[in-house]
Amino acid sequence: QVSPALRTPRVPVWLCSLSGRLGVLFGTDSRLLSDWKAERIFHLYFHSGQQEQSRTARLTIDTHSHRWEEAQREGPCSPGKRRPALEMAIRTKWAGATVSWNGTEPFS
């Protein structure tokens, strides 16, 4: 029998398969589950358990970023526009959000 806490998590958590690698994307702010106002600027954490990831990545998500500033820098087909798979997964929930890796080298 599955515990009620496992059926309804207290904090947001997603199991991810990115480029064939499994990982966990999670937040520590329970308001992300129930208060849309908390989705302005918040932190998510990602851990894959892979050897090349020595520590959990702390990402800052900004859902109200200035997309027009990004559009002026490069065209949509430019190689510089490619984003890591983790960022694209995050954007399936928060379209157009910017992701800051906070000093962690982005990985695919």
> What's the number of the condition residue 55 fails, among (1) farther than 19 Å from residue 100 by Cα; (2) part of a loop (DSSP other than H, G, I, E, B)?
Replying inline: (1)
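Could you grab me the full set of residues in segment 6-27 that are part of a loop (DSSP other than H, G, I, E, B), surrounded by fewer than 14 Cβ atoms within 10 Å (Cβ to Cβ) and modelled with pLDDT of 85 or more? I'd like the intermediate steps shown before the answer.
Filtering segment 6-27 for residues part of a loop (DSSP other than H, G, I, E, B) gives 8-12, 19-20, 27.
Right, trim to surrounded by fewer than 14 Cβ atoms within 10 Å (Cβ to Cβ) and you get 8-11, 19-20.
Correct list: 10, 11, 20.
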>> I'd like to verify a number: residues in segment 25-46 that are charged (D, E, K, R) and in contact (Cβ under 8 Å) with a residue 12 or more places away in the chain, how many?
In response: 3
> residue 60: β-branched (Val, Ile, Thr), farther than 19 Å from residue 106 by Cβ, at pLDDT 85 or above and surrounded by 10 or more Cβ atoms within 10 Å (Cβ to Cβ), yes or no?
Replying inline: no
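The values are calculated or read from the model by the stated rules, or taken from the named source; none is laboratory data. What you see is a predicted model; the values in this text were computed from it and never measured. Counting neighbours? That spans all protein chains shown, and the Cβs are built from the backbone with ideal geometry, glycine included.
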